[in-house]
Amino acid sequence: MRQIPWKKLIETFIIGAAGGAAFYALNFPLPWLLGSLLFVMLWQTLTKRPMYSPSPLKNTGFLIMGGFFGLYFSLETLLRTTSYLLPYLFLSLFLIVISIGMSILFAKWITIDSKTSILSTLPGGLNTMVISSDSIGAKTSLVTIFQTIRRLAVLFIVPFLIVHFFTDSDADTDDREMPAPDFDGEGSYFWYAIPVAAAIMVRKKGPLKFLAFPLLCIFLMNAGGVPFPPLHQSLLIAAQVMVGTSLGKNTNLDHLKAGGKYGIFYFTASLILIAVSFGLGYILTLFTDLSLSTALISMSPGGIVEMILLAEDIDADPPAVITLQLTRIIFIILLVVPILKWYFNRRAPFS
């Protein structure tokens, strides 16, 4: 059994919690997630001291978030959000086409193959694109670097813009608050053991399963009449620090430098995708009853966990953001990636 480096673990979480507290004091968006991410990343890079945040802690953070987000869902919210799917998919397809078009242009201008370039900009999630790059034959190391650049750009730019420029100050948030179901005392917390067990059973399927399976279980049990008590807000803060420190530990500035001069191309692509997604978000409000802030977050090019937290943080519509962001990821995994794989395999004999 591997011995846990407790000193490194404690140091990592002290730095992460300090970053979250600093961002919270400065009233920054997503303070506990982004503050812990940035402080751990900078501390690790500047001091050359490797941080330690094991996967089980990150997965625990996802598990807690899944529990929180699952409480938002009911049959009514699910039926309401499904009415947004058709216009959202059409607009997401446009965003994906823009992403692929930019990638093809980059591949002509710089010495990076088109497979790697396309997967480096697709808004389908870092982990998903890295796994897909291996199946398509792209350069996984470069996809990881450029997708990390995209993720960091989105994480620090989108929340700032939405909080300061696009939040609906007059939005009616009465139906957006965390629900507090009726329950018969502390014994009802026992029901949380079922979604926890479901997540543990599929733990080898990837970290996002720790978010998705508790969410799905709680929704189904709620729909079946099982009462869940509300979770304390301090648990959500702890979960964000767990995930943020893990992201910060795995994001070293020295690694980003490995992208060399080409990193600026993919940073620029991220800025363009953010701008395009904001325009598409506005168009989405014309075809649905979504608020502007909810539509912008839903169209934003990832990541899904951070966008859900942002929706919760500004009293947007978390169920809609969860449903729509997951829809785009599933669309990319089940349709876009297979089409790209077919295209490049078909083209291979002629290249």
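The values are calculated or read from the model by the stated rules, or taken from the named source; none is laboratory data. Please read all numbers here as calculations on a predicted model, not as lab measurements. Using ideal geometry, Cβ is built from the backbone for each residue, glycine included, and neighbour counts are taken over all protein chains shown.
State yes or no: is Ile98 at pLDDT 85 or above and over 30 Å from Phe13 (Cβ atoms)?
Numbers: at pLDDT 85 or above: yes; over 30 Å from Phe13 (Cβ atoms): yes.
So Ile98 fits the description; yes.
Do you know which residues across the stretch 109-126 are more than 16 Å from Arg151 (Cα to Cα) and among the hydrophobic types (A, V, I, L, M, F, W, C)?
Trp109, Ile110, Ile112
Output the residues belonging to the stretch 75-113 that are touching a helix residue (DSSP H, G or I) at 6+ places or on another chain (Cβ under 6 Å), farther than 20 Å from Ile274 by Cα and without any contact (Cβ under 8 Å) to a residue 24 or more places away in the chain.
The answer is Ala107, and nothing else.
Does Thr45 meet the test of being in contact with a Lys or Arg (Cβ under 7 Å, 6 or more places away or on another chain) and part of a helix (DSSP H, G or I)?
Details: in contact with a Lys or Arg (Cβ under 7 Å, 6 or more places away or on another chain): no; part of a helix (DSSP H, G or I): yes.
When the stated conditions are applied, Thr45 does not pass them.
Going by the structure shown, is Ile10 at pLDDT 90 or above and surrounded by fewer than 16 Cβ atoms within 10 Å (Cβ to Cβ)? Break it down into steps so the answer makes sense when it comes.
Working: at pLDDT 90 or above: yes; surrounded by fewer than 16 Cβ atoms within 10 Å (Cβ to Cβ): yes.
Spelling it out, Ile10 is indeed at pLDDT 90 or above and surrounded by fewer than 16 Cβ atoms within 10 Å (Cβ to Cβ).
Which of (1) on the phi > 0 side of the Ramachandran plot; (2) small (Gly, Ala, Ser); (3) touching a Pro at 6+ places or on another chain (Cβ under 6 Å) does Gly137 not meet, given it meets every other one?
(3)
Given the criteria within 30 Å of Val336 (Cα to Cα) and either outside any helix (DSSP H, G or I) or in contact (Cβ under 8 Å) with a residue 40 or more places away in the chain (or both), does Thr60 qualify?
no
For (1) surrounded by fewer than 23 Cβ atoms within 10 Å (Cβ to Cβ); (2) hydroxyl-bearing (Ser, Thr, Tyr); (3) outside any helix (DSSP H, G or I); (4) in contact with a Leu (Cβ under 8 Å, 6 or more places away or on another chain), each residue gets a yes or a no:
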residue	(1), (2), (3), (4)
Ile96	yes, no, no, yes
Gly101	yes, no, no, no
Ile104	yes, no, no, no
Ala107	yes, no, no, no
Met129	no, no, no, yes
Asp134	yes, no, no, no
Thr144	yes, yes, no, yes
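For the stretch 32-47, enumerate the residues that are surrounded by fewer than 23 Cβ atoms within 10 Å (Cβ to Cβ) and touching a helix residue (DSSP H, G or I) at 6+ places or on another chain (Cβ under 9 Å). Steps first, answer last, please.
Step one: list which residues in the stretch 32-47 are surrounded by fewer than 23 Cβ atoms within 10 Å (Cβ to Cβ), which gives 42-47.
Within the stretch 32-47, Leu42, Trp43, Gln44, Thr45, Leu46 qualify.
Only one residue in Pro181, Pro214 is out of contact with any Cys (no Cβ under 6 Å at 6 or more places or on another chain) and modelled with pLDDT under 75, so which one is that?
Exactly one residue qualifies, and that residue is Pro181.
Of all residues being out of contact with any Ser or Thr (no Cβ under 7 Å at 6 or more places or on another chain) and either of a type in the set (Val, Ile, Thr) or not in a helix (DSSP H, G or I) (or both) in the stretch 238-273, which is modelled with the lowest pLDDT? Just the residue, please.
Among them, the one singled out is Ala258.
Taking the stretch 275-291, which residues are closer than 24 Å to Pro31 by Cβ and at pLDDT 95 or above?
Applying the first criterion (closer than 24 Å to Pro31 by Cβ) to the stretch 275-291 yields 277-278, 281, 291.
Listed by number, the residues that qualify are Ser277, Phe278, Gly281.
Which of the residues belonging to the stretch 70-90 are part of a helix (DSSP H, G or I), out of contact with any Phe, Trp or Tyr (no Cβ under 7 Å at 6 or more places or on another chain) and either modelled with pLDDT under 90 or within 15 Å of Leu216 (Cα to Cα) (or both)? Even if it seems obvious, please write down each step before you answer.
Residues of the stretch 70-90 part of a helix (DSSP H, G or I): 70, 75-82, 85-90.
Then keep just the ones that are out of contact with any Phe, Trp or Tyr (no Cβ under 7 Å at 6 or more places or on another chain); that gives 75-82, 85-86, 88, 90.
Result: Leu75, Glu76, Thr77, Leu78, Leu79, Arg80, Thr81, Thr82.
Name the residues in the stretch 304-320 that are part of a loop (DSSP other than H, G, I, E, B) and surrounded by fewer than 24 Cβ atoms within 10 Å (Cβ to Cβ), would you?
If the condition is that a residue be part of a loop (DSSP other than H, G, I, E, B) and surrounded by fewer than 24 Cβ atoms within 10 Å (Cβ to Cβ), then Ile314, Asp315 are the ones that fit.
With the structure loaded, tell me whether Pro56 is at pLDDT 90 or above, closer than 28 Å to Pro318 by Cα and either under 22 Å from the mean Cα position of the chain (by Cα) or buried (at least 18 other Cβ atoms within 10 Å of the Cβ) (or both) or whether it fails that test. Walk me through it before giving the result.
Details: at pLDDT 90 or above: no; closer than 28 Å to Pro318 by Cα: yes; either under 22 Å from the mean Cα position of the chain (by Cα) or buried (at least 18 other Cβ atoms within 10 Å of the Cβ) (or both): yes.
The answer is no for Pro56.
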